[in-house]
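Below: the structure, in structure tokens.
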Amino acid sequence: MAKGAESIYRYYEIKGEKVVRKKKFCPRCGEGVFLAEHKDRLSCGKCGYTEFKKK
């Protein structure tokens, strides 16, 4: 496996014939920019958008 290829599996999952995204995209930046998962929030590193998780 090529270097960095294993990092792709953190974002996508293969179910049968389909590829499913594991993480959410940023609603401001659009597709291709994932939200980082923190303990209490989801945040975009590009634009700073933040969603707080419910307890």
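Every read-out reported here was derived from the displayed coordinates using simple, explicitly stated rules and does not represent laboratory data. Predicted, not measured: the structure shown is a model, and the values here were computed from it. Using ideal geometry, Cβ is built from the backbone for each residue, glycine included, and neighbour counts are taken over all protein chains shown.
(1) over 13 Å from the mean Cα position of the chain (by Cα); (2) assigned to a loop (DSSP other than H, G, I, E, B): which one isn't true of Glu6, the others all being true?
(2)
Collect the residues in region 16-45 that are loosely packed, with under 11 Cβ neighbours inside 10 Å and part of a loop (DSSP other than H, G, I, E, B), keeping them in residue-number order. Explain how you work it out, then say what you get.
Pass one, region 16-45, residues loosely packed, with under 11 Cβ neighbours inside 10 Å: 16-20, 30-32, 39-40.
Gly16, Glu17, Lys39, Asp40 - these are the residues of region 16-45 that are loosely packed, with under 11 Cβ neighbours inside 10 Å and part of a loop (DSSP other than H, G, I, E, B).
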